[in-house]
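Worksheet: one structure, shown below.
Every read-out reported here was derived from the displayed coordinates using simple, explicitly stated rules and does not represent laboratory data. From a predicted model like this one, the values you see are computed outputs, not experimental measurements. Neighbour counts are summed over all protein chains in view; Cβ atoms, including those assigned to glycine, are modelled from backbone coordinates with ideal geometry.
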């Protein structure tokens, strides 16, 4: 009899014993799922069928099945391994006896349940959903339908048009304002910056301010402001280069 | 003297009994006295008295349906006399093919109280996952919180038996099961057998 080829038909596995062991060792099958008693029964039946006592096969089977049992025990009682290892022989025997007793009681309780099931076999009653479900308790506070209608109406209203104007924002070139301020300073020795910007968009005002800073950097103008947020006065610089001199060309984007 | 046959009594207790019959017919599971009293808007004591009337009316040999006290409440079932005919019309899917493993798992949960899969594996020495899944599907057990002091997430899910379990096994409640301590035969005999095996083992 070849132990490794022993055919098994268990809940968790169907096939030869060596495949079962391979799967367990590769951790593709949980040892805890394997009913070892069924394997022993399969072996005993196989042995009985040969009608001779094959001691080699028995020895090999014992080695394999005890290894499997050890793996299974470790899997089932991983957290208890240390605790049990500390027990003395007598204590371990006592613990084993206690567990076996417990299991024996449960087995007997299961047998009683089976008997009871057999005795109750002729009791028929309605199962599954009834034609009427129990009325659920309504625990919500009183509701006003008008409020719900108002909430729904506000959801159904057409949303306001979203402005996309900012996506079309265009910055005029800084040079446009450089030229403009130089022209003003050719006519007047000083001017009020805000007065000059009146009627311009915010983007144009920002570019105009950059132009102002550029003129100041080039030494063409002098700036005066009494305090923060007070009007800015722009004056032609003393000894400045003749208005109209070319400044460094740059744009708001490069700033 | 000739007496007029009165099919419907106007006695208030009789009227309550008829109301209870109606409630039990529409219920999908056993109803206890408190539920019946609330639905009938009656005193629980009067409900119990009326239930005795119903029980007398619906009993084996007198009616095709029987009032039984089961799973902590009252419910109608078919009379045993009609079991064969019922069997030709209906299956019993809940208890059909309950394996030995399933019965042992059910017994563990019924006797040991809510327990988790690892605890069940420890009792039977085999992983309980597939058996528990089968019992859940049949409705014989249900989840009953998790292991741990406050039932916080992370602990193993625990299972308990359901009212359907009590109904299928014809139990008024779990307390009708025999005591676990009275089962399992002679513990001393088991210990002496273990002792004998240990002594035969070479040191």
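Determine the shape class of the stretch B:12-65: with a ≥ b ≥ c the square roots of the Cα gyration tensor eigenvalues, call it rounded for a/c under 1.5, and otherwise prolate if a/b is greater than b/c, oblate otherwise. Numbers along the way, then the final one.
Numbers: a/c = 2.01, a/b = 1.35, b/c = 1.49.
Oblate shape, in that a/c is at least 1.5 and b/c is the bigger or equal ratio.
Taking a point 7 Å out from the Cα of residue A:41 in the direction of its Cβ, the residues of the stretch B:115-145 whose backbone N falls within less than 15 Å of it are B:126. This ranking places A:41, A:221 by how few other beta-carbon atoms lie within 10 Å of each, fewest first, which gives A:41, A:221. Round to the nearest 0.05 the FRET efficiency obtained for residue B:160 and residue A:169 when R0 = 56 Å and r is the Cβ-Cβ distance. After rounding to 0.05, the efficiency reads 0.25.
What does the extension gain come out to for residue A:111 and residue A:230, with contour length at 0.36 nm per residue minus their alpha carbon separation? Provide the component values of the computation, followed by the final result.
Numbers: separation 119, 0.36 × 119 = 42.84 nm, distance 9.97 nm.
Stretched fully, the residue A:111-residue A:230 segment lengthens by 32.9 nm.
Sorted by mean Cβ packing within 10 Å, highest first, what order do the peptides A:184-190, A:145-151, B:102-108 take? Can you show the working numbers first?
Values: A:184-190: 12.6, A:145-151: 9.3, B:102-108: 24.9.
Ranked from most to least packed, the peptides come out as B:102-108, A:184-190, A:145-151.
Per-residue shielding of A:152-163, expressed as the average number of other chain Cβ atoms within 10 Å of the residue Cβ, stands at 0.
In what sequence do B:86, B:115 fall when counting other Cβ within 10 Å, fewest first?
On the way: B:86 17, B:115 21.
The most exposed by this proxy come first: B:86, B:115.
So between residue A:156 and residue A:217, what do we pick up on full extension, going 0.36 nm a residue minus the alpha carbon distance?
Numbers: separation 61, 0.36 × 61 = 21.96 nm, distance 5.74 nm.
That pair, residue A:156 and residue A:217, stretches by 16.2 nm at full extension.
Taking other C-beta atoms within 10 angstrom as a stand-in for reagent exposure, A:192, A:90 fall in the order A:90, A:192, fewest first.
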